[in-house]
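The values are calculated or read from the model by the stated rules, or taken from the named source; none is laboratory data. Note that the coordinates shown come from a computational prediction; the quantities given were computed from them, not determined experimentally. Please note: Cβ atoms are built from the backbone with ideal geometry, for glycine as well, and neighbour counts cover all protein chains shown.
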Amino acid sequence: MRKLILATLSAGLIATSALAAMNPMVGGAEMFPTKNIVENAVNSKDHTTLVGAVKAAGLVDTLQGAGPFTVFAPTNEAFAALPAGAVDSLLKPENKDQLVKILTCHVIGAKAMAADVMSMVKADGGMHKVKTVGGCELTLKVDGDKVMVTDETGGTATVTIADVAQSNGVIHVVDKVLLPKM
């Protein structure tokens, strides 16, 4: 009986390690499919601005929820590419509503892996429109093996790291901040 329990525990640890190994590293940190979006994002050195913005917007509890969510997660460089002072302005308490709108335009209320997105784009003749939890409409396209996301202002982000599995969805790292019509 003891051998059976040890064998079962070993198999579970190997399976957990195999799942973690399938997830890409993000911002120098291992992403664990057993952790939620926030639990993983706080470990990525490339997403400190996003994490700070999520906290300032009061969205931590939401993104720790059951989901499922697909998050297009802009890097620190993506936020830095916004006009000078934009991030500091958005983080001010009086601009919380605008910050929430921008951040929730990066979140879809479903789990969509890159292969799912590519299938939807193909089925829709080259582009697929999707509504975000913030009410924005994003247009998804495929360029070779890359997923492209166009926001309501015509800005286009490229998914640079796809399919980072989370316990409550998936993260796709993007190189631009997606903006809603304001």
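Hey, D145 hits all of (1) out of contact with any strand residue (DSSP E or B) (no Cβ under 8 Å at 6 or more places or on another chain); (2) at pLDDT 90 or above but one; which does it fall short on?
(2)
Under 6 Å between Cβ atoms, at least 6 apart or on separate chains: pull out the pairs that start in region 155-169 with a residue that is more than 13 Å from A81 (Cβ to Cβ) and end on any residue that is surrounded by fewer than 16 Cβ atoms within 10 Å (Cβ to Cβ) and hydroxyl-bearing (S, T, Y).
S167/T34
Only one of (1) surrounded by fewer than 18 Cβ atoms within 10 Å (Cβ to Cβ); (2) under 23 Å from P180 (Cβ atoms) fails for L103. Which number is that?
So the condition that L103 fails would be (1).
Counting just the residues of region 55-66 that are more than 12 Å from the chain's Cα centre (by Cα) and touching a residue at least 24 places away in the same chain (Cβ under 8 Å), which one comes out nearest to I102 (Cα to Cα)?
A57
Could you list, in sequence order, all residues of region 121-133 that are part of a helix (DSSP H, G or I) and within 15 Å of K146 (Cβ to Cβ)?
Once the filter is applied, which keeps residues that are part of a helix (DSSP H, G or I) and within 15 Å of K146 (Cβ to Cβ), region 121-133 yields V121, K122.
State all residues of region 166-178 that are touching a Lys or Arg at 6+ places or on another chain (Cβ under 9 Å) and on the phi < 0 side of the Ramachandran plot; if no residue qualifies, say none.
If the condition is that a residue be touching a Lys or Arg at 6+ places or on another chain (Cβ under 9 Å) and on the phi < 0 side of the Ramachandran plot, then Q166, S167, N168, V170 are the ones that fit.
Give the residue that is surrounded by the most Cβ atoms within 10 Å (Cβ to Cβ), with candidates limited to residues of region 40-50 that are more than 12 Å from the chain's Cα centre (by Cα) and in a helix (DSSP H, G or I).
T49
Give V147, V177 a once-over and let me know the one that is in a loop (DSSP other than H, G, I, E, B), in contact with a helix residue (DSSP H, G or I) (Cβ under 9 Å, 6 or more places away or on another chain) and crowded, with 19+ Cβ neighbours inside 10 Å.
Testing whether each residue is in a loop (DSSP other than H, G, I, E, B), in contact with a helix residue (DSSP H, G or I) (Cβ under 9 Å, 6 or more places away or on another chain) and crowded, with 19+ Cβ neighbours inside 10 Å leaves just V177.
Out of A78, A53, I need the residue that is in contact with a helix residue (DSSP H, G or I) (Cβ under 7 Å, 6 or more places away or on another chain), at pLDDT 85 or above and in a helix (DSSP H, G or I). Which one?
Answer to the selection: A53.
Working only within region 17-39, note down all residues that are closer than 25 Å to D151 by Cα and either assigned to a helix (DSSP H, G or I) or of a type in the set (A, V, I, L, M, F, W, C) (or both).
Scanning region 17-39 gives V26, I37, V38.
Residues are listed down the side, and each one gets a yes or a no for (1) among the small types (G, A, S); (2) under 23 Å from M22 (Cβ atoms); (3) touching a Cys at 6+ places or on another chain (Cβ under 7 Å):
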{"residue": "K101", "(1), (2), (3)": "no, no, no"}
{"residue": "A114", "(1), (2), (3)": "yes, yes, no"}
{"residue": "D143", "(1), (2), (3)": "no, no, no"}
{"residue": "K146", "(1), (2), (3)": "no, yes, no"}
{"residue": "G154", "(1), (2), (3)": "yes, no, no"}
{"residue": "Q166", "(1), (2), (3)": "no, yes, no"}
{"residue": "G169", "(1), (2), (3)": "yes, yes, no"}
